[in-house]
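Notes follow the structure.
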Amino acid sequence: MAPILQLKGITKQFPGILANDHIDLTLGKGEILALLGENGAGKTTLMNILYGLYQPDEGEILVNGEKVTIHSPTDAITSGIGMVHQHFMLIPVFTVTENVMLGSEPVKAGDFLDRKKTAQKINEISKQYNLEVNPDDYVKDLPVGVQQRVEIIKLLYRNAEILIFDEPTAVLTPQEADELFNIMRELTKQGKSIIFITHKLREVLEISNRIMVIRRGKVVGEADPKTADNKKLAEMMVGREVNLVVEKDIKKPGDVVLSVEDLVVADQFKNLVIDHISLDVHAGQILGVAGVQGNGQTELVEVVTGLHKAVSGKIAFKGKDITNCSPRVITEAGTAHVPEDRQADGLVLPFTVAENLVLCSYYQEPYAHGVVLQYDKILENAEKMIKDFDIRTPSPFVSVGTLSGGNQQKVIIARELSRPIELLVASQPTRGLDVGSIEYIHKRIVQKRDEGCAVLLISPELDEIIELSDRIAVMFRGKIIATVNADEVSKETLGLLMAGIIPEKGEIASKTEKVVEATF
Amino acid sequence: MKNNKNDKQDLGKVILNEITGEDPKSPKKKKSFWKKIEIPFLAIITGLLIGGILIGATSQSVYAGFAVSIWSGFAALGKEIGTAYFSLFTGSLGNPVTIIQALQSGNATDIRFALNPLLESLVKSTPYIFAGLACALAFRAGLFNIGVEGQLFIGAAAATYVGYAIKGLPSYIHMPLAILAGAAAGALWAIVPGLLKAWTGGHEVINCIMMNYIAYRLTTYLLTGPMTRPGGGGMPLSPMIEKSAYIPQFFQSPIRFHLGFFIALAFAVLVWWILFKTTWGLNLRTVGTNPRAAKYAGLNITKTIIVGMAMSGALAGLAGANEILAVNHSMAIGLSSGYGFDSIALALLGNSHPFGVVLAALLFGVLKNGATRMMVVSSIPIDIVTIIQALILIFIAAPAIIRAIFHLRSSKEDTAIVTLSSWGGGK
Amino acid sequence: MSKKLIVVLSVLMIAAFVLSACAKATPAAPAAPKFKACEVTDTGGVDDKSFNATAWKGVTDAMSQLGIDGKYLESKEVADFEPNINAFVQEKCDIIITVGFLLGDATKAAAEANPGVKFSIVDYGYDPVIPNVLGQAFQTDEAAFLAGYLAAGVSKTGKVGTFGGMQIPTVTIFMDGFYKGVQYYNTQKGAKVEVLGWTPADGTGLFTNDFSDQQKGNDMATSLMDEGADIIMPVAGPVGLGAAAAVKARGNAYIIGVDSDWYLTAPDYKDITLTSVMKLMDVTTLNAIKAAMDGTFKGGTTMGTLANGGVALAPYHDLSSMVSADLSKEIDTIKAGIIDGSIKLAQ
């Protein structure tokens, strides 16, 4: 029997880059094929070709042994290929039914949309594949995990046989990711075939039947998840030896650098999002704040860096009160901030790499004399940073938006860490990055800590928190429910704490008066 | 020395690179010259072609020709369109034959007269340059200054007042003072919507439109009241400004070519320098491109918005002051036929780059000036040129149409021109 | 494909240019050069249904009656006046007609720079006189006086209304005359007809501050009718048509047109146009052209009056039944009185 999908010699050239170089791929029925590769390796290009968003320069696509040409997503769906995008293509103010119907509306006699029929079919699908969802819910009210289910239902509703998942776990909590894996297994059991794109090694080993690794547009090898291990896959991806474990010595912390006392913060709707928390970060110490996203970590960072105002409480940097100071005052005092959303906050995408590298200091000497920018100095700095921080860019003049995610993050890291700082606030510094970049950024953060800098690290990735932190504070519903030494706590305990369960007591931590809604 | 020469030769290329935002040092494959000007060029050609069809369709002689035979119809069509565009061309750039004859004769007066169409086009371009710069600068700061028209009126009124009310100053003080008054008044007028946006989040588009209405009525009141011409019988007309406040014209009447054009060019360079070479400019552009990152980088967004509006308003005020001090020498209603609104299109056409604005303004000036000649020679209403202008703009703003007509391959890079972040409704 | 298309287009363009250049190069048969009358409009444009259009009618009348050439240039803004006039100077026009006070300065400058060219300016006059400019001014209040008297005599509600486009002399002179005509009626007949929308004593009245937005005319007329006015004279160019529309929609009220005979120029409103206060700029323009042709042209200002027919009250046309024979006779008497000076308007 012919494999359900075959790609032969797919080649795609973009100006200056060969995104796909004669890629062959075979997908069997009922198989989960993991497509592993660093950001920019060409995975997404390949999938966009398959989904009809790009046309290949060379090569052919065979579905069930028959050659097909895919000019658009509609063609792809007709050929039975569907894609669950990393950023959902859902309309928040529509119901699940309406979202599923969109684009293939069944019409009753006359011109009325037949919601009932669609809802019925959604119920059938959700029963068949164990995809629990209420067709009448509005998408905006659904948690991210369920929204993803709606995406999957959309594809099944259109009779997709081949499902492509593009980095599906990037937006999910660990629990939600586990649920997704169960769904994927269920789907393949019933004969659907899946291509799973990721750069997270653990997930690949857990879920896939077969692993294909892509590097720089080429297939560099296949692996069997039963025999492969993390290290070997990482090396295939990156093309060199990778150190997955962060090496760091135990260090005795110094003086308190950042001290937060009894802090209370409300969001723009006046909901309490930080509920009387206190914490200290010492020189030469990494304090990790663990917690599922939306439990007040974002606001904590914003208040400390001056982007958001506190209701009450005190924040002190080296003993000096900086509560509700402007971001510039706080920055100039000797702090650095790696923001959670690098594209929205950390960079001005159309600006050049050189300009972004001085985004927080361009108005100071030597980058400006009076009001006149000194582009030679800015350029000098850029060239040094590009070298020191290994930023892969064609030149300091290209706009930063054209760089890969990892290199964009390196621009921020370079800018923030190269200044003389005593406090680093790093919020999800490796979000969405590949193994090579993660390794590099971890090394840099630890290096800064070793130099005596205090580090406040926020991350929903448990592995990252455990590996980097000296001490860990767990946030749940706006409160710090536990602070522990990193080497004295197990992953399981932390997982429970993140879910609000305090192990000794075996109960859910006290709720705040106002429920803090997770915001997406 | 040799280096210097090279620089000069490449100036055109450098400017082109500046406007298209291409970095000459970037190793990326460079677009060919043709690629870069393809869309604007074809847009102009297409606009003229459709304009030609309109000219033909509204011409009696063409219908008469077709009534006789197809060939005489086409002949009449060709003659109509040919005459129209020939007069548009000679009216705006000069008649090559006359120019050559004048040059050969060596008579300075003849040469000036032969070149006058071109010089007059520059005169017509000047207010467009100022107003276009005003819009472009605001765009770069993420602001949609639709209030340029009102700021222009207020700037003109202030320049007029300083121009006639102060007497006995030497020209080198009076003229700059009047120009400055125009700029300051325009800036003050623009600061109002700037403050409203910065403090209350009120959208500048709405507030600018309202400020326009106030400006129109206020100038009408001023011109019929406090600023009316003594002995003018209460007509909405100001006194003539003092000679010392004139922006000097270089030649004798009827050649109006004046220093204001070079002032406008100087301001284009100044705006370019501010936007791309100073911290102020970087502030403006950062706030305009990504206000969240600006906040993160510690910028004072409120202040930047106000400064941005003030600078934009000052340029708009200069447009008005220039018209009064260099051309009209007194103020009346009917000062502007919509420079403030044309300038929005013009700024977009110029990619919100000061040098692009200058080129776009020259195009507008040429078309506008040529239209007069076209009207004289073939009695084609001036409105046809407005239509041609509009068509060209539509084709440039929607390059997909041009690509579809000429079967060009689309390139992913030519997408949106300038991000107007403030349009998302965010502060 | 695309390249080919571009080449073809370019060739076409160039061919058009060359052809037209050739057409230019071959000189037309040297006929006797025709007399050329050229009009520069103000910012209203040639089809403003107001003085620009009326003056242009004078030129077209001259073209059909005298067989001359006529051209016009529209100005979009003040800065266009000077080059437009100069374009006609270069075009060797025999007389250049400029329209409106806005062109006052530009006309003066051009006339002084080109003493050999004849100019005539509508609705404006120079003091001291410029030898090669003929100003055309109008004693519009004389005709408006008659209209006021007529309105007062016809009104059933005892209230008549007027409004202006802008508070400038050329507009308020209509309203002044209208007001005085009503007052004259009141003193003659001991009546108490009220004028809404203009009080000359303190110079307050209704103005749209706009000569183009007909909706504003509609609003003004509606509120005047709400106040009880049944005869309305809008002095606001095309804005007046909005007033006419409002009156027609409401009924029971009538319009007095201005500038031209609206019965003829706005036939939609025939049935509600009582009369019109005509300012015959076409006649004065035609006269200026004639004078320039026969060599009697002299600088100065012609004043259009009831006496010389420069201003007039239009016939009542279809509504003549509304005007009693007595009233009609009284108006003729007043007209004669104004002409012979026995009735004086100026106070």
Next item on the list: Those residues that are loosely packed, with under 14 Cβ neighbours inside 10 Å and without any contact (Cβ under 8 Å) to a residue 24 or more places away in the chain, I need them from region C:297-327; list them, please.
Entry: C:Ser320, C:Ser321, C:Ala325, C:Asp326
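For every residue, the table says whether it meets (1) part of a loop (DSSP other than H, G, I, E, B); (2) touching a Lys or Arg at 6+ places or on another chain (Cβ under 8 Å); (3) small (Gly, Ala, Ser); (4) open to solvent by less than 20 Å² (accessible area, probe 1.4 Å).
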| site | (1), (2), (3), (4) |
| --- | --- |
| A:Asn324 | yes, yes, no, no |
| A:Val358 | yes, yes, no, yes |
| A:Tyr362 | yes, no, no, yes |
| A:Ala382 | no, no, yes, yes |
| A:Pro396 | yes, no, no, yes |
| A:Arg419 | yes, no, no, no |
Checklist line | Those residues of region C:123-170 which are β-branched (Val, Ile, Thr) and either assigned to a loop (DSSP other than H, G, I, E, B) or free of Cβ contacts under 8 Å to residues at least 60 places away in the same chain (or both), in sequence order | finding: C:Val129, C:Ile130, C:Thr157, C:Ile168
Check: If you take the residues of region A:310-326 that are polar (S, T, N, Q) and more than 24 Å from B:Leu284 (Cβ to Cβ), which of them is nearest to the other protein chains (Cβ to nearest Cβ)?
Finding: A:Asn324
Check: Quick one: is A:Asn407 of a type outside the set (A, V, I, L, M, F, W, C), more than 12 Å from every other protein chain (Cβ to nearest Cβ) and either closer than 21 Å to B:Asn283 by Cβ or in a helix (DSSP H, G or I) (or both)?
Finding: yes
Check: In region B:241-266, how many are surrounded by 16 or more Cβ atoms within 10 Å (Cβ to Cβ) and over 16 Å from B:Ala181 (Cβ atoms)?
Finding: 11
Next item on the list: Out of the residues in region C:57-89 that are buried (at least 21 other Cβ atoms within 10 Å of the Cβ) and touching a residue at least 60 places away in the same chain (Cβ under 8 Å), state the one that is farthest from B:Leu237 (Cα to Cα).
Entry: C:Ala62
Next item on the list: Scan the strands (runs of 3 or more DSSP E) fully inside region A:421-486 and keep the ones with 3 or more residues being open to solvent by 10 Å² or more (accessible area, probe 1.4 Å) and in contact (Cβ under 8 Å) with a residue 24 or more places away in the chain.
Entry: A:479-485
Margin query: I'm trying to understand the selection: among the residues of region B:50-92, which are open to solvent by 60 Å² or more (accessible area, probe 1.4 Å) and within 10 Å of chain C (Cβ to nearest Cβ)?
Written below: B:Ala75, B:Lys79, B:Phe89
Notebook entry, point to check: Which residues, taken from region A:1-22, are more than 27 Å from A:Thr393 (Cβ to Cβ), open to solvent by 50 Å² or more (accessible area, probe 1.4 Å) and among the aliphatic types (A, V, I, L, M)?
Noted result: A:Met1
Notebook entry, point to check: If you go through region B:262-309, how many residues are at the interface with another protein chain (Cβ under 7 Å from one of its Cβ atoms) and either without any contact (Cβ under 8 Å) to a residue 40 or more places away in the chain or of a type in the set (Ser, Thr, Tyr) (or both)?
Noted result: 13
Next item on the list: Answer yes or no as to whether B:Leu133 is open to solvent by less than 20 Å² (accessible area, probe 1.4 Å), within 13 Å of chain C (Cβ to nearest Cβ) and not small (Gly, Ala, Ser).
Entry: no
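Residues checked against (1) within 14 Å of chain B (Cβ to nearest Cβ); (2) surrounded by fewer than 21 Cβ atoms within 10 Å (Cβ to Cβ):
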{"residue": "A:Gln293", "(1), (2)": "no, yes"}
{"residue": "A:Leu300", "(1), (2)": "no, no"}
{"residue": "A:Gly306", "(1), (2)": "yes, no"}
{"residue": "A:Arg328", "(1), (2)": "yes, yes"}
{"residue": "A:Glu332", "(1), (2)": "yes, yes"}
{"residue": "A:Gln343", "(1), (2)": "yes, yes"}
{"residue": "A:Ala354", "(1), (2)": "yes, no"}
Next item on the list: Within region C:90-116, work out how many residues are open to solvent by less than 30 Å² (accessible area, probe 1.4 Å), more than 7 Å from chain B (Cβ to nearest Cβ) and part of a helix (DSSP H, G or I).
Entry: 6
Next item on the list: Tell me, yes or no, whether region A:184-191 has at least one residue that is assigned to a helix (DSSP H, G or I) and hydroxyl-bearing (Ser, Thr, Tyr).
Entry: yes
Item checked: When residues of region A:39-66 are limited to those that are at positive phi and open to solvent by 20 Å² or more (accessible area, probe 1.4 Å), the one modelled with the lowest pLDDT -> A:Gly40
Margin query: Can you tell me which condition C:Gly45 does not meet? The list is (1) among the small types (Gly, Ala, Ser); (2) within 12 Å of another protein chain (Cβ to nearest Cβ); (3) on the phi < 0 side of the Ramachandran plot, and all the others hold.
Written below: (3)
Note to self: Name the single residue that is least open to solvent (accessible area, probe 1.4 Å) among those in region A:242-267 being farther than 24 Å from A:Ile421 by Cα and acidic (Asp, Glu).
What the structure shows: A:Asp267
Note to self: Being open to solvent by less than 20 Å² (accessible area, probe 1.4 Å), more than 23 Å from the chain's Cα centre (by Cα), at pLDDT below 95 and not polar (S, T, N, Q) is the requirement here; does B:Ala108 meet it?
What the structure shows: no
Notebook entry, point to check: Can you pull out the helices (runs of 4 or more DSSP H) entirely within region B:28-124 that have at least 1 residues that are among the acidic types (Asp, Glu)?
Noted result: B:33-57, B:70-93
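Of all residues in region A:168-199, count the ones that are open to solvent by 20 Å² or more (accessible area, probe 1.4 Å) and within 17 Å of A:His85 (Cβ to Cβ).
Total satisfying the criteria: 4.
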Check: For A:Thr430, all conditions in the list (1) under 25 Å from A:Gly284 (Cβ atoms); (2) modelled with pLDDT of 90 or more; (3) of a type outside the set (D, E, K, R); (4) touching a helix residue (DSSP H, G or I) at 6+ places or on another chain (Cβ under 8 Å) hold save one; what is the number of the exception?
Finding: (2)
Next item on the list: Could you please let me know if C:Lys34 is in contact with a strand residue (DSSP E or B) (Cβ under 8 Å, 6 or more places away or on another chain), assigned to a loop (DSSP other than H, G, I, E, B) and modelled with pLDDT under 95?
Entry: yes
Item checked: Checklist (1) under 26 Å from the mean Cα position of the chain (by Cα); (2) buried (at least 22 other Cβ atoms within 10 Å of the Cβ) applied to B:Asn290, failing item -> (1)
Check: If the Cβ limit is 8 Å and pairs must be 6+ apart or interchain, which residue in region B:348-376 that is on the phi < 0 side of the Ramachandran plot and within 13 Å of chain C (Cβ to nearest Cβ) pairs with which residue that is outside any helix (DSSP H, G or I) and open to solvent by less than 10 Å² (accessible area, probe 1.4 Å)?
Finding: B:Thr372/C:Leu73; B:Met375/C:Leu73; B:Val376/C:Leu73
Item checked: Residues located in region C:117-140, provided they are under 24 Å from C:Thr170 (Cα atoms), hydrophobic (A, V, I, L, M, F, W, C) and either open to solvent by less than 30 Å² (accessible area, probe 1.4 Å) or at the interface with another protein chain (Cβ under 9 Å from one of its Cβ atoms) (or both) -> C:Phe119, C:Ile121, C:Val122, C:Ile130, C:Val133, C:Leu134, C:Ala137, C:Phe138
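The values are calculated or read from the model by the stated rules, or taken from the named source; none is laboratory data. Every value quoted in this text rests on a predicted model; they were computed, and no experiment measured them. We place every Cβ from the backbone using ideal geometry, glycine too, and count neighbours over all the protein chains shown. SASA here: full protein model, heavy atoms, side chains in, ligands and nucleic acids out. Shrake-Rupley method; radii C 1.70, N 1.55, O 1.52, S 1.80 Å.
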